[in-house]
Amino acid sequence: MARQAVGRPSLNLRRLTRSLQRTVERDRCPYHARLVRVAEAFRATENEPFRVRRVAHATAHVLDTLPLRIRRGEILVGWHPNTAIRGRLCRSHHQACLYLRTQNYWVPASEGHCAPDYPRLLTQGLEAVRQTILTRLAAVDTLAAEGPEQQAFYQASLTSLEALQRLIQRYGDYAQQQAEQAPPAWAAELRETADICHHLALEPARTLREAIQLAWFLLLGLTLEASESHHCYIPGRMDQYLYPFFRREQELGVLDNERLQILLDQFFIKLNEFEGPAMSAMSLSVGGRTAEGKDATNELSYALLEAGDRVRMYFPGLGIHWTSDTPPELMRRGVELLRNGKGHPAFFNSDLIIQGLVRQGVAYSDAVDHLPSTCTETSIQGCSWGWVAWPYMNLPKALLHALFNGRDPLSPGSITDGPQTYDELHTALQQQIEATAHEALRQGIHDQVVAARYRPFPLLSALVRGCVESGRDITSGGATYTFLQPEAVGVPNVVDSMAAIKALVAEQQRYTLQDFRQAVHDNFSGHEALLQAIQLCPRHGQDVTWVNTLFAEVAGWWCQALAGRNHALGGPVLPGFLGWTMWIGMGQETPATPDGRRAGQPIANSFSPTGAATHGTPAMLLSTTAFDQSRGLGGITFNVRFAASALATDAGVAKLQGLLETGFDLGIFQVQVNVIGAEVLRLAQLQPESYRDLFVRIGGYLVPFTLLPPDAQEEVIQRAELPL
Amino acid sequence: MEVCPQQLRSFLPLGAEELDRDACLRCGQCLEACTHGALELKGREITAGELADKAARLIPFFQRSGGGVTVTGGEPLMQAEFTAAVLQLCREHGIHTAVETTGYAGLPRLQQVAAVTNLFLFDLKHHDAARHQEFTGVPLHLITENLQWLLQSGAEVLIRVPLIPGYNGSPEDVAGIATLAWSLGAQRMSLLPFNPSTSGKYRWLQRRCPLDGVKPQNAATMQELEQTVREIGLEVVPP
C-alpha cells in the first residue's frame, strides 16, 4: 500500500525520537500501581477456585485500567507506565503487597526469560488465536478428570487475550482523540497510528511498521501480566520475523528506510522504559541459521546493529549468532560496535548450541531459534519455558564438603578426618558434585510444582506454541519445550584447588591434605608458605594439559549427574555454568578454598580463570574449550577485556574478530567483550596485580597497562574518557 | 638471604644495582621463601620439542590470523641451535616461522637459523658507524654484512627501526638508515615508535630507565618519517 509522500506535512521524527530517548532515560521507573490493580482483582476473586482464572482476571484489570500515553513523535505506541511509590500510592502499594503475600502471589520461581511466537502471531493476528482458543474451549471433555483444569485454562487465556486486544483497541481510540487536537503534521501520524492499532487488535500485520508495532504490544502485554518490570521477556530474532515484511516492501518499492530506522530506534528506546532488575537483559539476536540450515543474515541484521549503535541504551542486549556460514562482514560490524563502550553485542556459537539442543531431542527447525534467555541460558523462540539459572549451586562448597568429610570447615579445633590422599579426595569430590546436582534437581522440581500451583501465565500461554494445543498453562509444562537449567558456580576454584593438591600433596609430597584442611580452617593465616606454593602451581586457564583434563572431568561430573534426567514438567534438564552475579554473593559465604582464595572473596565467574598470572587469551580459550561446551546449554560465559583504543583501527577490529572466530572454531559457547573505560583503568592503577592481563593501545603498541609509567597511564585514561 | 646458595642479597632500594645477577643460579629458592610475592622468575627451561608442541596448540589461531611463530629475545642467534631446532619442528607442523634479530652474531649462526625461517624482522638502529658503536656498544659492519648475506640469499626480510628520540629519531637519521638499508638490497621497512612500557621492565630489575618520561612520537611525526622512507624507495610496513 503505497502512501503519498508528496504533500505530507513535515515533522522532524529523528529529533523527536532523540527527545523521546531523553524522556525515557529521565522517567523510567517500575509501574508500581500495577500491584494495586492486581490486589484489587484478587480481592474480587477470592471465591474463584482456579488460580489461573484469578490471574487472568487480574491481568484484564491491569490492562483495562492502564494509563495511556502517546508522546509527540512516538510512531511506535504503547507506554509502559511508570509510577514511583509516593504519597497515597505508597500506602496502597504496601497494603497490596501484604495482601498478595497472603495469596502466595510470589513464589520462588524462574519466570519470563522467553519470547512469544512472533512469526506466527504477526502473520495470523490475535483474533485467529482467540478463535482457536474458543474452539478448543468448546471441545474440552468436561467429563474427563483434566476437563475442569483445561476449561479454566482456556477461559483464562481467553480473558487475558481479549484484554490485550481491548488495550490495543483503546490505543487506537486514544490516538484518534489526540489527532483531533493535534497540529496537522502530528495529527496525520496519529490518525495512521489509530488505523494501525484498530487493525492490529484483531488482524495480522500488513506492513513492516505494523509488524514492529504488534511485536511491541505483545512484549508490553506480557510484561504487564507478569510484573512491574520487564521480566526478561525477549524481543528475539527480529531480523528473522520482520524480514518477510521488509522484503515485501522492498519488492514493491515502498520501503521507507528512514521510517524503519525511526521505528527500530523507538523500539530500542521503549525497551528501556521497563525498569529492570540489575544485571538483567532483554535479548535481541541477529544472524544464526534458518530452519533449513542456511545462513540467516539479512539486511535487517545490520539495520538492528545500527539501531543499537545509534541508541546506545542499556537494553536490548544485542547478540550475534555466529555460525560457520556467518558472513565475516556481520562479525566485523559487531566488533566495531564494541567501540561505543556499551559492551554490545555478545557473540554466541549458534552451531554449537544447535548441535547441543538437537542432542537433547529438540527438532532442528526449532533448535535454530535458540535465544539467550538473558545472559546465555537457553530458550527457544516462541515455544519454550526455560526455568533458567534454577537453582545456582556452589561447587567450591561441594569441594569443602568432600575435603572435610561433611563437617563445617570452620568448626573449632582441628579437623582430622576426611580424605587422606589425593585419590580419596578425587573420589569424594565426584560424589559431592553428584549429590549437589541431585539437590539442584530436587529443589528445581519442588519449585516447579509450587509455581504451577500459584503462578500461571495464561496470556503468555496463549502466545507460546504448545499450550493452547495441549490445554495446559505454560507453568504446568504446556509449551512445546520446557527445560530446567541448574547452574554450577565456581568450577575454576575447584579445578585450581585440586590441581594444587595434586601437585603439592600427591606429586611433590611437600604438604599433606591435613595441611590444606588446617589452612582453610585458618583462612591461610599463618600458612603463607603454603599459599605461596599454591600460587606457583599450574591453574585452569594456563593451557596446561593435565589441568585441562581435570577441568573437563569436573565440569563433566556436573553434566553427567543431570544427563537424561527429567524435571517436574516433563522436559530435559540442561546443566549450565553461569555465574551471573551469584559468584560474588556465594563467595561471601564460602570459607577459604584450597586454590588460595580467602574466605569471603568472590568465587570464579563461569569458566573464567582466577588468579593473577596471565598466560594470554589464547591459552584461556584453549583451556576453557577442553570441555565440550555443547553439554552446558544452561549457559557458559567467557569474558575478554579489551581497551576501546585497541579497537580504534581496522587492524584492531580484525584481531578481535579473528580471536572470537577462533574461539568458536575451538568450541566456545559464548564470548562477551568488556570494553574498558577510565574507571577500570583507574582501578588497574591502584591494584596492578589484578590487572596484568589488561592491554591498551599506545604509540602503536598493544602493551600491558600496568607496565606503563604513570604519565603514560594518565594519557591512556584521558583518551579512554573520550568517545570513539 | 639465608636460602640463597650464592648468598646474594635481594632487598634493595629502587635504583641500586648491587645484585650480582650473573651469579644467580635461578634455582628459585628465594621465590618460595618470599611469601609477599616480591620476587618473580621470568622464564623457565624448556626443550625444543615442548616449545614446538605449545606452538602447535595455537595453530587454530594462526589459521584465522594468518600468523605464526616469531622467535624474539634477547637475541635468538645467541641460542642459534635451539632456535633452529624449534623452528624446524614448527615448520613440520605447517606453521609460518619468523625471527626478530639484531643481526649481531657470527654468520654461521645466522645461516643455521635462516635455513628454517620464513621471515626475518631485522633491526637496524643507525647508519653511522661511530654513532652506532656509541649507542649500542657494538660495531655496525658485522650487522650490515650479515644483512647483506641474508638479502642476497633471497630471504624475506623486513627491516625494523626502533625510533628512540634523541638517538636515531631525527628525519636525517631515518633518511640515513633507510638509504643504508636500500643500498644493501632491502625492500621493506617498519618504523617503530618509542615504546613507553620499557620503564616497567626496568623497574622489575630495580633499575631506573634512562628513557623514563620520553613520549612516543605522534601520528603526524610518524607519517612524515614514513614518507621520507618511501621517497628513498622502500615500502613502508605499519608496525
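The values are calculated or read from the model by the stated rules, or taken from the named source; none is laboratory data. Just so it is clear, the model here is predicted, and its values are computed rather than measured. Positions of Cβ are backbone-derived with ideal geometry, glycine not excepted, and every protein chain shown enters the neighbour counts.
Hey, does segment A:665-685 have a residue that's facing chain B (nearest Cβ under 10 Å), farther than 16 Å from A:Thr706 by Cα and touching a Lys or Arg at 6+ places or on another chain (Cβ under 8 Å)? There is at least one residue in segment A:665-685 that is facing chain B (nearest Cβ under 10 Å), farther than 16 Å from A:Thr706 by Cα and touching a Lys or Arg at 6+ places or on another chain (Cβ under 8 Å). Among the residues of segment A:630-664, those that are under 21 Å from A:Asp496 (Cβ atoms) and either within 14 Å of chain B (Cβ to nearest Cβ) or of a type in the set (S, T, N, Q) (or both) comprise A:Thr637, A:Asn639, A:Val640. Hey, does segment A:638-655 have a residue that's more than 23 Å from the chain's Cα centre (by Cα), among the acidic types (Asp, Glu), modelled with pLDDT of 90 or more and under 22 Å from A:Leu338 (Cβ atoms)? Scanning segment A:638-655, I find at least one residue that is more than 23 Å from the chain's Cα centre (by Cα), among the acidic types (Asp, Glu), modelled with pLDDT of 90 or more and under 22 Å from A:Leu338 (Cβ atoms), so the answer is yes. Every condition in (1) in contact (Cβ under 8 Å) with a residue 60 or more places away in the chain; (2) in contact with a strand residue (DSSP E or B) (Cβ under 7 Å, 6 or more places away or on another chain) holds for A:Arg641 except the one numbered (1). Against the test of being within 18 Å of A:Leu441 (Cβ to Cβ) and of a type outside the set (Lys, Arg), the options A:Gly570, A:Gly541, A:Gly490 yield a single qualifying residue, A:Gly570. Within segment A:216-272, the set of residues being of a type in the set (S, T, N, Q) and either buried (at least 23 other Cβ atoms within 10 Å of the Cβ) or farther than 27 Å from A:Val388 by Cα (or both) comprises A:Thr223, A:Gln240, A:Gln250, A:Asn257, A:Gln261, A:Gln266.
Could you check how many residues of segment B:206-237 are within 14 Å of chain A (Cβ to nearest Cβ), in a loop (DSSP other than H, G, I, E, B), more than 18 Å from the chain's Cα centre (by Cα) and in contact (Cβ under 8 Å) with a residue 60 or more places away in the chain? Final tally of qualifying residues: 2.
To keep it simple, each residue is scored yes or no on (1) β-branched (Val, Ile, Thr); (2) under 19 Å from the mean Cα position of the chain (by Cα).
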| site | (1), (2) |
| --- | --- |
| A:Pro235 | no, yes |
| A:Val254 | yes, no |
| A:Arg259 | no, no |
| A:Ser283 | no, yes |
| A:Arg289 | no, no |
| A:Ala303 | no, no |
| A:Met313 | no, yes |
| A:Pro316 | no, yes |
| A:Glu336 | no, no |
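Quickly run through segment A:655-672 and pick out the residues that are over 16 Å from A:Phe695 (Cβ atoms), of a type in the set (Gly, Ala, Ser) and part of a helix (DSSP H, G or I). Result: A:Gly663, single match.
Residues checked against (1) away from chain B (no Cβ under 14 Å); (2) in a helix (DSSP H, G or I); (3) without any contact (Cβ under 8 Å) to a residue 60 or more places away in the chain:
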| residue | (1), (2), (3) |
| --- | --- |
| A:Val449 | yes, yes, no |
| A:Pro492 | yes, yes, no |
| A:Gln509 | yes, no, yes |
| A:Ala533 | no, yes, yes |
| A:Val547 | no, yes, no |
| A:Leu550 | yes, yes, yes |
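Of the residues examined, B:Val86 is not one that is within 14 Å of chain A (Cβ to nearest Cβ) and either aliphatic (A, V, I, L, M) or over 30 Å from A:Phe664 (Cα atoms) (or both).
With respect to being touching a residue at least 40 places away in the same chain (Cβ under 8 Å) and more than 24 Å from A:Gly444 (Cα to Cα), A:Ala519 fits the description. Within segment B:79-126, the set of residues being part of a helix (DSSP H, G or I), in contact with a strand residue (DSSP E or B) (Cβ under 9 Å, 6 or more places away or on another chain) and over 21 Å from B:Thr47 (Cα atoms) is empty. Quick one: in segment A:522-531, which of the residues that are of a type in the set (A, V, I, L, M, F, W, C) and within 10 Å of chain B (Cβ to nearest Cβ) is surrounded by the most Cβ atoms within 10 Å (Cβ to Cβ)? If we take residues in segment A:522-531 being of a type in the set (A, V, I, L, M, F, W, C) and within 10 Å of chain B (Cβ to nearest Cβ), then A:Leu530 is surrounded by the most Cβ atoms within 10 Å (Cβ to Cβ). The residues of segment A:272-291 that are under 26 Å from A:His80 (Cβ atoms) and modelled with pLDDT of 95 or more, listed by number, are A:Leu284, A:Ser285, A:Val286. Tallying residues that are of a type outside the set (Lys, Arg), within 28 Å of the chain's Cα centre (by Cα), at negative phi and at pLDDT 70 or above within segment B:1-58 yields 21.
Scanning segment A:50-80 for residues that are closer than 28 Å to A:Ala185 by Cα and surrounded by fewer than 17 Cβ atoms within 10 Å (Cβ to Cβ) turns up A:Pro67, A:Leu68, A:Arg69, A:Arg71, A:Arg72.
Looking at A:Gly658, A:Gly616, just one residue is within 26 Å of A:Leu707 (Cβ to Cβ) and in contact with a helix residue (DSSP H, G or I) (Cβ under 6 Å, 6 or more places away or on another chain), and that residue is A:Gly658.
The C-beta contact set for segment A:651-676 (first residue without any contact (Cβ under 8 Å) to a residue 40 or more places away in the chain, second residue hydroxyl-bearing (Ser, Thr, Tyr), distance under 6 angstrom, 6+ apart or interchain) comprises A:Gly658/B:Ser65. Scanning segment A:415-472 for residues that are basic (Lys, Arg) and over 27 Å from A:Gln103 (Cα atoms) yields one hit, A:Arg465.
Screening segment A:334-444 for helices (runs of 4 or more DSSP H) wholly inside it with 3 or more residues that are closer than 25 Å to A:Pro235 by Cα returns the ranges A:350-359, A:364-367. Whether any residue in segment A:615-629 is more than 14 Å from every other protein chain (Cβ to nearest Cβ), part of a loop (DSSP other than H, G, I, E, B) and touching a Pro at 6+ places or on another chain (Cβ under 8 Å) is what I want to check. Looking through segment A:615-629, none of the residues is more than 14 Å from every other protein chain (Cβ to nearest Cβ), part of a loop (DSSP other than H, G, I, E, B) and touching a Pro at 6+ places or on another chain (Cβ under 8 Å).
Within segment B:179-199, being closer than 14 Å to B:Thr228 by Cβ, buried (at least 19 other Cβ atoms within 10 Å of the Cβ) and away from chain A (no Cβ under 14 Å) holds for B:Leu180, B:Ala181, B:Met189. Do we find that A:Ala552 is modelled with pLDDT of 95 or more and touching a Phe, Trp or Tyr at 6+ places or on another chain (Cβ under 6 Å) in this structure? Here the answer is yes, as A:Ala552 does meet what is asked. Mind listing just one residue for me: the one in segment B:150-178 that is in contact with a helix residue (DSSP H, G or I) (Cβ under 7 Å, 6 or more places away or on another chain) and over 22 Å from B:Gly74 (Cβ atoms) and, of those, surrounded by the most Cβ atoms within 10 Å (Cβ to Cβ)? Only one residue fits best here, namely B:Ala178. Surrounded by 22 or more Cβ atoms within 10 Å (Cβ to Cβ) and in contact with a Phe, Trp or Tyr (Cβ under 6 Å, 6 or more places away or on another chain) - does that describe any residue in segment A:277-284? Checked segment A:277-284: at least one residue is surrounded by 22 or more Cβ atoms within 10 Å (Cβ to Cβ) and in contact with a Phe, Trp or Tyr (Cβ under 6 Å, 6 or more places away or on another chain).
Conditions tested, residue by residue: (1) in contact (Cβ under 8 Å) with a residue 24 or more places away in the chain; (2) in contact with a Leu (Cβ under 6 Å, 6 or more places away or on another chain); (3) β-branched (Val, Ile, Thr).
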| position | (1), (2), (3) |
| --- | --- |
| A:Phe246 | yes, yes, no |
| A:Glu251 | no, no, no |
| A:Val254 | yes, no, yes |
| A:Arg259 | yes, no, no |
| A:Leu264 | yes, no, no |
| A:Phe268 | yes, no, no |
| A:Glu275 | yes, no, no |
| A:Ser280 | yes, no, no |
| A:Gly288 | yes, no, no |
